[in-house]
Amino acid sequence: MKTYARFTLLVVAIVGTLAWLAASGINESKTYYKTISELKQLPGGEATKRVRVTGDVVPGSIKRDGERVHFQIAEKGHPQILNVVYTGKDPLPDTFRDNAQAMADGKLQADGSFQASSIAAKCPSKYEAAPGGKPAAQPLNGAKPPSMS
Amino acid sequence: METLGAFAILLAFCLAIYAFSASLVGSIRKRAFLIVSGERAVYAVWVLMTTAAGILVYSLMTSDFRLAYVAARSNRAMPMVYKFAAWWGGQEGSLLLWSWLLSTFSVMVLWTNRRKFRDMMPYVIAVLSFTQIFFCTLNAFIEPPFQVLAVGKGVQAVADGNGLNPLLQHPAMAIHPPMLYLGYVGFIVPFAFAFASLVTKQPGEAWIATTRRWSLITWAFQSTGILLGAGWAYAVLGWGGYWGWDPVENASLLPWITATAFLHSVMMQEKKGMMKVWNMVLISATFFLCIFGTFLTRSGVVSSVHAFAQSSLGSWFLGFLSIAVGVTTFMIIKRLDYLKSEAHLESVLSRESSFLFNNLILLASSFAVLWGTLFPVLTEAVMGEKITVGAPFFNKVNIPIGLFLLLLTGVGPLIAWRRSSWESLKRAFRWPTVFFALTIVGLVAAGVYHVYALISFGLCAFVTVTIVMEFFKGSRAIAIKNQMNLLRAMVELTHRNTRRYGGYLVHMGIVIMFIGFTGAAFNKDTTKEVKIGEHIQLGNYDLQVKQVVDGDNPNYSWQRAVIGASKNGTFLEDMTPERRVYVSSQQPTSQVSIRRRLHEDLYLNFASMSQTDPSAAIIQVYIFPLVSCIWVGFYVLLFGTLICLVPSKVKYSYARTEVVGVYAKQAQPTK
């Protein structure tokens, strides 16, 4: 039985270490999903949390300034607009462009703008349209003339 | 045409139901004709699914834009290869591919076992057909691929289609989904045999022996699929990485991890008769995770950068999964008596124990990945607030796990079965440990202080030495005995026990891949806005933007930066990162330019032209040390897997296997 006791001890030690690592990993990187209007109403104390905010990129708002990228996102059906500054290292996804649905991870700054460290973007034409939508019946995403910027 | 296709799917659906019920009823009531007719129905399902798939492919190739699927995924300017690849470019087609692969595998299983396992086969067919019914349901009723574009009552064709998503127009992406699907679908075969052996109370390991090749090949496909995905992300997505712990990537990794655990733990059952319940659980979990992976990618439950489909498929998958999990759990519990272990663990320092830890740690990893992937769903259900975890979580848990696994890779194969003495351990691990220490000391002297990187490189040296020693010891003995040269002896050695030495090669591949992963600790990057003629410096590299040119072709228009790269003052080459806008989808994409070398990659991305200064381009420069080792390691891994598939020259038989043979004869008196 001594073998099994030793074995159990080892297993507990390994699982314990991993659980501890997992817990600290969660604390380090947990990110709350918020809408733009929720984000603007956050109490001061909670404003330091990492937040993931989703919205449609306001057409024409994407501005590059050296390493930083400024843009605005808006929530469907709401007038509120959020100014976002992207300071992350990774190149922006190709799907990130005017009217795309963007997902920004980062923190709210004191001046009310949002500093994002990572951006993901969903392009409406990728894979599938929203449920019920007939993909081919949509305009072929050609509403805007091609632009290389 | 499309009516015929839709009809074929519908008929396949009905015949799959027939195959399922005929096999079950035939087996319970012992009606041979029912069993045979069930088997024939499986062949018929394959013919029908092939017809349906053929019609879809034909419509794509001939640009039949009356079909909604074709119009949405293809256009006239696309090269033929991608018109074909558009088969799996969208939801409906992907599911049809799944279904078709499943029916193909069913037919292959049926044909190769047409004279074997007469008692088990009806249940194997039942499992395969049940899954086929599920996927045919999706093909026929939920995501039909043959919908036509109709205005009022008239069928109408559009002039040109939307085109395949440009990101998917890449050779790696054209074969990545089928590879992954082959890996997903393939695991149903070992699972079906495992389940059938549970139902028919097979005492032995017949199901493991027959499905060993399936498991290995499927595992190889899955590895290939995952690696192609990583390679595609690296070269095409242009976010400067090969792995982002994205839900879709995780979905493909999960069954791979449990399958890896399974491939190791079956050895315990084959050689020692241990861990029988565990293996049942592992193969079931692997299959369920394959279905679960398809569910994650196809239902849009967890949001992802891959931006996959949002649809009503979710509840169907969940329904199928809960039935399957329920029935399997019930069967395992009911048959616990037949799954008793034949041996006990004798020492912590034993081969058995190293297998156990290998399994424990792999399972912990898959659990952590699953947990992290589903974290938003879980927190929303429990706390009412969606919280997500990112790459730091996955890295924090999985890097130590990976290092521990690497250690086991070196230790496991050398440690004795049952128990090892400290003396024998010292003898076996003296040199590997010396090299471990030397590597670390050497790297610290060279100025590397990254702790994980040091451990990782040290362990890589450790495992490499153990593997080289194994090959050397074995082949020297053969060389002396048969008077061959060492190289010939090594081939001979491998041929005598392909499983063992192929396994070592797979391990070697993993080691090389780990060297590549560890390189990520030394990545460098910079983003600069530069005018024509200006320079960017990063590491030893100097990059001069020479010019920006543009042009177009029928499929896309492009804009290309020509950048002269030099290292330490020596000119290397002109690199040309490019931006494209595809005509039909108006989707801009980046074509990164990569200078691949074994020790490091120079990776350039042309982000955009500057808005504030139209003559300046924004260029992102990355240096990825050792990243090529990942791809090299993968080829070694694949080669090792192929070696494992070659039959051994010397048949190693164990006393236990003979018992199985005797029983198998008794169990088939009807033959």
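A few points about this structure:
- Here B:Arg419 passes the criteria (1) surrounded by fewer than 21 Cβ atoms within 10 Å (Cβ to Cβ); (2) in a helix (DSSP H, G or I) except the one numbered (2).
- B:Ala489 in contact with a helix residue (DSSP H, G or I) (Cβ under 6 Å, 6 or more places away or on another chain), in contact (Cβ under 8 Å) with a residue 12 or more places away in the chain and part of a helix (DSSP H, G or I): yes
- Residues of region B:360-404 that turn out to be free of Cβ contacts under 8 Å to residues at least 12 places away in the same chain, more than 9 Å from chain A (Cβ to nearest Cβ) and closer than 20 Å to B:Thr518 by Cβ, as a count: 0
- Scanning region B:68-80 finds no residues that are under 22 Å from B:Gly186 (Cβ atoms) and surrounded by fewer than 22 Cβ atoms within 10 Å (Cβ to Cβ).
- Members of region B:564-613 that are closer than 30 Å to A:Gly60 by Cα and in contact with a Gly (Cβ under 7 Å, 6 or more places away or on another chain): B:Tyr582, B:Ser584, B:Ser585, B:Gln586, B:Ser590, B:Val592, B:Tyr603, B:Asn605
- Entry remark, region A:83-93: residues being away from chain B (no Cβ under 14 Å) and either touching a helix residue (DSSP H, G or I) at 6+ places or on another chain (Cβ under 8 Å) or among the aromatic types (Phe, Trp, Tyr) (or both) number 0 in total.
- Strands (runs of 3 or more DSSP E) lying entirely in region B:544-644 (those with 1 or more residues that are within 14 Å of chain A (Cβ to nearest Cβ)): B:556-567, B:578-582, B:588-591, B:593-596, B:600-609, B:616-625
- Within region B:233-245, one or more residues are over 14 Å from the mean Cα position of the chain (by Cα), hydroxyl-bearing (Ser, Thr, Tyr) and outside any helix (DSSP H, G or I).
- Meets criteria (within 13 Å of another protein chain (Cβ to nearest Cβ), closer than 30 Å to B:Gln586 by Cα and not in a loop (DSSP other than H, G, I, E, B)) for A:Ala22: no
- Residues of region B:316-339 satisfying the condition of being β-branched (Val, Ile, Thr) and touching a residue at least 60 places away in the same chain (Cβ under 8 Å): B:Thr328, B:Ile332
- Test for B:Leu102: is it surrounded by fewer than 24 Cβ atoms within 10 Å (Cβ to Cβ) and more than 11 Å from chain A (Cβ to nearest Cβ): no
- Single residue of region B:113-130 satisfying the filter (out of contact with any Ser or Thr (no Cβ under 9 Å at 6 or more places or on another chain) and in a helix (DSSP H, G or I)) that is surrounded by the most Cβ atoms within 10 Å (Cβ to Cβ): B:Val127
- Qualifying positions in region B:601-643 - closer than 16 Å to B:Ala565 by Cβ and of a type in the set (Gly, Ala, Ser): B:Ala617
- When residues in region B:405-416 are screened for being within 14 Å of chain A (Cβ to nearest Cβ) and outside any helix (DSSP H, G or I), 0 of them pass.
- Boolean, A:Phe96 is crowded, with 20+ Cβ neighbours inside 10 Å, more than 9 Å from chain B (Cβ to nearest Cβ), in contact (Cβ under 8 Å) with a residue 12 or more places away in the chain and not in a strand (DSSP E or B): yes
- Taking the listed residues B:Ser456, B:Ser420, the one that is farther than 28 Å from B:Phe517 by Cβ and touching a residue at least 12 places away in the same chain (Cβ under 8 Å) is B:Ser420, with no other qualifying.
- Region A:99-116 - residue that is of a type outside the set (Asp, Glu) and part of a loop (DSSP other than H, G, I, E, B) and, of those, surrounded by the fewest Cβ atoms within 10 Å (Cβ to Cβ): A:Ala110
Bear in mind these aren't lab numbers, they're just calculated from the coordinates by the rules spelled out. Everything numeric here is computed off the predicted structure, so don't read it as measured data. Neighbour counts are summed over all protein chains in view; Cβ atoms, including those assigned to glycine, are modelled from backbone coordinates with ideal geometry.
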